[in-house]
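The structure appears below as structure tokens.
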Amino acid sequence: MSSGSVQTDHKNFIVTFPRLKVIQVTLNRPNKLNCIDTATSKEIAKVWELLDHGEDLWVGIITGSGRAFCTGADLIEWNEMNRAGVVNDMSAPGLAGLPRRDGKKPIIAAVNGITMGGGFEMVANCDIVVASSAATFALPEVKRGIVPVAGCLPRLTRTLGLQRCTDLALTGRSVSATTLYDWGLVTRLIDSSADVVDAAVQVAEEMCRNSPDALIVARRGIRMSWETGNAEEAVSSLAEHWYPRLVEGANFAEGIKAFSEKRSPQWVNSKL
């Protein structure tokens with residue numbers, strides 16, 4: 001894909017390719033603060049499947065239009081489902097394919113504004129979080145008799161700590177992106193909301209200078225440790241199952257050869 005060459009408009013989101021090897025989803029329901037209905041959720045999940053299976057795509061980005069990143073599931077739709085006796089599905093991978101996504105390739109959250117409920121759950125499982133200093137985050141589910149069970153509580157507990165996660169989930173209060181930067185969830189804090197996507201694209205470009213095989217395997221090692229909590233189990237799995245696959249790929253030899261020849265490596269798309 002050539003950068004910026006394709007834009008696909010869906011009902012509630014836009015898909016673009018801001019740079020080579022990078023795919024971006026922009027939630028585009030600003031009048032509803034980018035809340036996500038069931039149909040939209042399934043459509044966006046297919047975009048991440050495209051990312052994982054498209055050899056020429058290496059990194060994903062998700063952001064929002066207007067003053068919100070995402071305020072979670074569409075509660076008007078939820079109310080209609082409740083009236084019809086339909087229980088909302090909380091199975092993996094979750095809202096917009098993110099809260100319980102395992103996946104293969106990294107996704108960057110470019111948080112431009114209000115992030116609540118399921119939107120926060122989506123961010124909690126992204127690989128890197130770039131946020132505007134004006135962005136706010138909350139898990140207000142308890143105020144509506146709901147609990148954020150789509151995947152964020154165990155993950156936020158690992159990232160933020162027991163007491164901080166408890167504070168958020170049991171009070172429903174809002175916290176700033178600056179607070180979450182201090183707590184370790186936000187990885188890069190940006191002064192202006194208008195610059196958040198550009199900053200995320202820059203991070204994606206940094207990633208795309210590296211071996212796509214290494215991106216996949218390094219991410220896998222980090223994820224295994226985070227999800228299981230067993231460092232040695234993660235190391236063993238990475239060394240026994242993933243490292244041999246990395247070594248077999250053309251990029252492994254190319255990176256070392258390029259270093260010895262004092263030139264930039266010429267990566268090929270990953271076959272992992």
- Answer yes if at least one residue in the stretch 147-157 is assigned to a loop (DSSP other than H, G, I, E, B) and without any contact (Cβ under 8 Å) to a residue 24 or more places away in the chain, and no otherwise. yes
- Task: Go through (1) of a type in the set (D, E, K, R); (2) crowded, with 16+ Cβ neighbours inside 10 Å; (3) under 30 Å from Arg245 (Cα atoms) one by one and return the number of the condition Glu206 breaks.
- Result: (2)
- Can you find even one residue in the stretch 18-40 that is part of a helix (DSSP H, G or I), within 16 Å of Pro99 (Cα to Cα) and under 19 Å from the mean Cα position of the chain (by Cα)? yes
- Message: Tally up the residues in the stretch 124-158 that are surrounded by fewer than 20 Cβ atoms within 10 Å (Cβ to Cβ), within 20 Å of the chain's Cα centre (by Cα) and modelled with pLDDT under 95, please.
- Response: 6
- the stretch 222-247 - residue that is touching a residue at least 24 places away in the same chain (Cβ under 8 Å), of a type outside the set (A, V, I, L, M, F, W, C) and assigned to a helix (DSSP H, G or I) and, of those, nearest to Thr159 (Cα to Cα): Arg223
- Those residues of the stretch 163-189 which are surrounded by fewer than 16 Cβ atoms within 10 Å (Cβ to Cβ) and assigned to a strand (DSSP E or B), in sequence order: Ser174
- In this structure, does Val15 turn out to be surrounded by 14 or more Cβ atoms within 10 Å (Cβ to Cβ) and touching a residue at least 60 places away in the same chain (Cβ under 8 Å)? no
- Would you please list the contacts, defined by Cβ atoms under 7 Å and residues six or more apart or on different chains, that run from a residue in the stretch 34-61 that is under 19 Å from Asp74 (Cβ atoms) to a residue that is of a type in the set (Lys, Arg) and buried (at least 16 other Cβ atoms within 10 Å of the Cβ)? Cys35/Arg29
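The values are calculated or read from the model by the stated rules, or taken from the named source; none is laboratory data. Every value quoted in this text rests on a predicted model; they were computed, and no experiment measured them. All Cβ positions, glycine included, derive from the backbone under ideal geometry; neighbour counts span all protein chains shown.
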